[in-house]
Amino acid sequence: MSWEKAVSFEELQKKKRVLFHKESKQILILETPQGQIFALNNRCPHEGYPLKEGTLGEECVLTCQWHNWKFDLKTGNCILGGDHVQVYPVKIEDQSVWINLSGPSSEEISAKILGGFQTAFQKRQYGRMIRELARLHFQGRNPTSFFLPVFKWCYTRLEFGTTHAYAATADWLQLYQENTNHFENQLICLIESFDHLSFDTLRCLEYPYSTEARPFSNEALIQAIEQEKESDAIALMNGALDSGLHYSDLEPILAKIALLHYNDFGHSLIWVYKLGTLVRFLGTEIERWILPPLIRSFCFSTREDLTPEFKEYASFHQQLSETRPTHSTKSLIPAEEAYALTTHSCMAWVCEKSKQFSPESIYWAMLEASARNMLYFDLSFQQQNRKSVQANVDWLDFSHALTFANALRSLATKYPELWKQGLLQMACFQGRNRDFLDLEQETALWMVSDVDSFWKESLEQILDHGLGLPIYSAHWLKTFSAVREEFPHAPATCQKYLLAALNRFLHSPLKMKFSRRLVRQGIDLVGKDFASKKA
């Protein structure tokens, strides 16, 4: 034990509160009216206000005057507020007060930090999560070790499975790795991930998964998901993991399932791609906690191809699956050919081009067209509140076209059989968004001349975004990451429009709530059920 003589007993009795400095430590020693002596860190763990100025109450409770946080002097536990404060054993010897500075073991400290972090996570206490992560860092531990317990905490609180928080975490982890020598940036990446995960599960009920395990097969998994039998599908995934299969083994079938239909507005394929990134960064131990939510999301995913707008998708899908190119070329296709086509025309265009051109050639034309759509998005649709539900459009309808495309190219490069379905779904994005453009607006100011500066400035904007709802900062990040990944591979003209689209997205108004629009549409819908009573 490391005992240090701190102050004479006579001085403490006279002053009642004395500060003892040891290197970076600033320790408050105080005597209560009952004659008890305590030692604790003087800095309030909330925002650093000196506890020496606090109020001593009954039952050995010290209150910080700044925000009314209250601490039990016997244990250091915060009984009103958040973070706990470090306390130190004391003794009286040779008419002096001695403090034991050795403190608890590293393992005990880490366990206490994790406990504090769990409380902060469950309450979505942004500041406290930051402080607990910083404590872990200064303990010499890797803060990314918190991801495994966090995914375990989230596991059963995802009613509909995987969320944007999982995809965004993959991109935040990419930035975390790129900032090895910049802990401040790394901590931003961590807290943004954990805050979004907390937001998506905060106060949610428990939605347990089947614990049954069945022998896995691709065909059985497809059948269970097609029939929306979640318990059967989860049992098959449990069987796959129990048998030693990993994400890398399952990725081909998961990607195939994600593209079986035009479903969930492209999210399913994005989830598959980003979960692969999570496994790459965090290891295979994470698979048990992120793959069942993915299967659940497959079972609950919407089917846009069954809606009137995309009703022809199935017939085009059949047509495309039977297409065999007469001679395939990798020549570039002018993006103008795919730009501003209707949904029907764009799907037909993909089928026709597939007879002659390589999937990659079609892809780059479609990606450029999607970037141009984003560049010409008519922002007035964010403000409209008198149109039908079909016109409920905002920036995310356009950014999804790019993030879906990024997932498609990344996966179809490994599994070429995915190209046809993926390109047809890119056509659905393209055709749907064409009705919400303003082709007369000036776009020259969004063109990027200094690419390196643009990447740096955009990254800084994302790291210090100031957006209240995690879903929107996540889409800034996901779109930034998608464009940055596609940029090195894209033809020059496509590169130009990708950067311009991203530039406009990051510097344009981003409406995050549509109160009047939703109220009017709600009144209109519900009012129709009561029209006869009004009459």
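The values are calculated or read from the model by the stated rules, or taken from the named source; none is laboratory data. Owing to the predicted nature of the structure, the values given are computational and were not obtained by experimental measurement. Glycine also receives a Cβ, built like all others from the backbone with ideal geometry; neighbour counts cover every protein chain displayed. The accessibility values were calculated without ligands, DNA or RNA, using every heavy atom of the protein model including side chains. Shrake-Rupley method; radii C 1.70, N 1.55, O 1.52, S 1.80 Å.
3J(HN,Hα) along region 395-407: 4, 5, 5, 8, 5, 4, 4, 7, 5, 5, 4, 4, 5 Hz, from the Karplus curve 6.51 cos²θ - 1.76 cosθ + 1.60 with θ = phi - 60°, whole Hz, x for Gly and Pro.
The length gained on full extension between residue 74 and residue 148, counted as 0.36 nm times the residue separation minus their Cα-Cα distance, comes to 23.4 nm.
Calculate, for residue 34 and residue 111, the FRET efficiency according to 1/(1 + (r/R0)^6) with r their C-beta to C-beta distance and R0 41 Å; round to the nearest 0.05.
0.80
Solvent-free Debye calculation, one equal scatterer per alpha-carbon of region 98-147: log10 I(q)/I(0) at 0.17, 0.31 Å⁻¹ equals -0.51, -1.21. Placing 435, 397 in order of accessible area, with the largest value first and a 1.4 Å probe, yields 435, 397. Taking the longest Cα principal axis of the chain as reference, the axis of helix 492-506 is set at about 50 degrees. Computed over protein heavy atoms with a 1.4 Å probe, the accessible surface of region 156-205 works out to 38 Å² per residue. Using all pairs of distinct alpha-carbon atoms, the Kirkwood hydrodynamic radius of region 380-458 works out to 15.4 angstrom. Taking all protein chains together, 265, 194 sort by accessible area into 265, 194, largest first [probe 1.4 Å]. When its C-alpha radius of gyration is set against 2.2 N^0.38 Å (N residues), region 137-186 gives a value of 1.33.
Under a point spin-label approximation (7 Å from Cα along Cα-to-Cβ), what is the residue 15-residue 526 distance to one decimal in nm? Distance between the two pseudo-spin positions: 6.5 nm. Pairs exceeding a 27 Å alpha-carbon distance, out of 152/456; 112/152; 229/478; 229/387; 330/420; 229/355: 152/456; 229/478; 229/387; 229/355. Of 409, 324, 296, the residue with the largest accessible area leads and the full order is 324, 409, 296 (1.4 Å probe).
Under 5 Å from the amide H of residue 96 lie the amide H atoms of 9, each residue being 5 or more positions distant or on a separate chain, with H modelled from the backbone and absent for Pro and chain starts.
Once backbone amide H atoms are built at 1.01 Å from N, residue 49 has 44 as its partners under 5 Å, excluding neighbours fewer than 5 places away on the same chain.
Taking 0.36 nm per residue of separation and subtracting the current Cα-Cα distance, fully stretching the chain between residue 24 and residue 435 would add 141.8 nm.
In whole Å, how far is the Cα centre of region 13-77 from that of region 476-494? Measuring centre to centre over Cα atoms gives 53 Å. In a DSSP loop and with at most 12 other Cβ atoms within 10 Å, the GluC sites (Glu not before Pro) in region 197-235 are 206, 212, 228. Rank 459, 323, 24 by how far each Cα sits towards the positive end of the charge dipole of the chain (+1 on Lys, Arg Cβ; -1 on Asp, Glu Cβ) and give me just the farthest. Highest projection toward the positive end goes to 24. Annotation: Cα Rg of the chain relative to the compact-globule expectation 2.2 N^0.38 Å equals 1.20. With both labels modelled 7 Å from their Cα along Cα-to-Cβ, the residue 415 to residue 180 distance reads 3.2 nm.
Note on residue 212 and residue 450: their simple-model spin labels are 6.3 nm apart, each label 7 Å out from Cα toward Cβ.
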